[in-house]
Amino acid sequence: MLVLGCGTGRVSRLLQTDRDVTGLDQSAPMLERARARSRPGDRTRWVQGDIRTFDLGLFGEIVVPNGTFCFLHTREDQLTCLQACARALPVGAPLVLDLPAPDFAYFGVPHTPERLGWQGQVEGRAARRTREVWRRPLEARIDLLDRYFLDDTLVATSLLPLQLCLPREIEWMCEAGGFWVDAIHGDYSGGPLRDGCPRIIVRACRC
């Protein structure tokens, strides 16, 4: 199994069970942390690479968790990623995409000012994260600006643009990339796609 956008490896470790897993991510620090968290007997290898251009051989399944596909902001990038997935799967093998479901009620609010998102301690020091949000309906995009503080001192900022997708868009994207959509669910328990569902979980099979 291949996990695209594996980050620090939380999902990859949960999926390995009795099979080998490859986790791919573009961030070297994320992969370094994933390796540091590995336990004896883990059957996961960590690879640095681009989810649009990877070439690691064939896999029995590919999972794209945690909205990783939303980090692709153009049709070209989305299609290139799906085509790379198609090359890495035999006919009939599944691709699973985990995406956030757009909440259209929030699109009526173009900007949410900075708010506290988390607070606690890091190595005994007071820490907190705040988040400011911009919503761009015509582009179907949300920009998240996170600020990180230690002892009330700003130490880092992170801007994360997310390209949102609707179920019908995902279907034609998958079809254009060499897949047919087998099922779409609205949550991690396999519930139906419905208004207000938290996720869009797509299972597509290689044509």
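Laboratory data are not the source of any read-out in this text; all were calculated from the coordinates shown. Fair warning: this is a prediction, and the values are worked out from it, not measured in the lab. Positions of Cβ are generated from backbone atoms using ideal geometry, with glycine treated the same way; all protein chains shown enter the neighbour counts.
With +1 on the Cβ of every Lys and Arg and -1 on the Cβ of every Asp and Glu, and nothing else charged, how large is the dipole of the chain about its Cα centre, in debye rounded to the nearest 20? Can you show the working numbers first?
Working: 26 positive and 26 negative charges, 84 e Å.
So the dipole magnitude of the chain works out to roughly 400 debye.
Roughly how compact is the chain, stated as its Cα Rg over 2.2 N^0.38 Å to two decimals? Please report the intermediate quantities before stating the final value.
Values: Rg = 18.2 Å, N = 207, 2.2 N^0.38 = 16.7 Å.
Cα Rg divided by the expected 2.2 N^0.38 Å: 1.09.
Take each of the peptides 110-120, 63-73, average the number of other beta-carbon atoms within 10 Å over its residues, and list them starting from the highest. Walk me through the numbers before you get to the answer.
Values: 110-120: 10.7, 63-73: 20.1.
Output ranking for 110-120, 63-73: 63-73, 110-120.
Around THR68, what is the net charge, scoring Lys/Arg as +1 and Asp/Glu as -1 over all other residues with Cβ under 11 Å from its Cβ? Spell out each step's value before the answer.
Working: positive: none; negative: ASP25, ASP98.
Result for the local shell: -2.
Around PHE179, under 14 Å between beta carbons, what's the net of Lys plus Arg minus Asp minus Glu among the other residues? Please report the intermediate quantities before stating the final value.
Working: positive: ARG87, ARG203, ARG206; negative: GLU61, GLU169, GLU171, GLU175, ASP182.
After counting each charged neighbour, the total is -2.
Give me, ordered by chain and number, the residues 5 or more places off ILE200 or on other chains with an amide H under 5 Å from its own placed amide H.
Here the answer is LEU99, ALA101, since their amide H atoms fall under 5 Å of that of ILE200.
Which order do the peptides 136-142, 174-180, 164-170 take when ranked by the mean count of other beta-carbon atoms within 10 Å per residue, highest first? Please report the intermediate quantities before stating the final value.
Numbers: 136-142: 14.1, 174-180: 18.0, 164-170: 16.3.
The most tightly packed comes first, giving 174-180, 164-170, 136-142.
Using the Cα centre of the chain as origin and beta-carbon charges of +1 (Lys, Arg) and -1 (Asp, Glu), tell me which of LEU193, ALA126, GLY5 is placed farthest towards the positive end of the dipole.
Of LEU193, ALA126, GLY5, it is ALA126.
Just the C-alpha atoms of segment 106-162: what Rg/Rh do they give, with Rh taken as the Kirkwood radius? Provide the component values of the computation, followed by the final result.
Values: Rg = 13.3 Å, Rh = 12.2 Å.
Here Rg/Rh amounts to 1.09.
Quick check: net charge around ASP152, other residues with Cβ under 11 Å of its Cβ, Lys/Arg +1 and Asp/Glu -1?
Numbers: positive: ARG125, ARG128; negative: ASP151.
Surrounding charge for ASP152 is +1.
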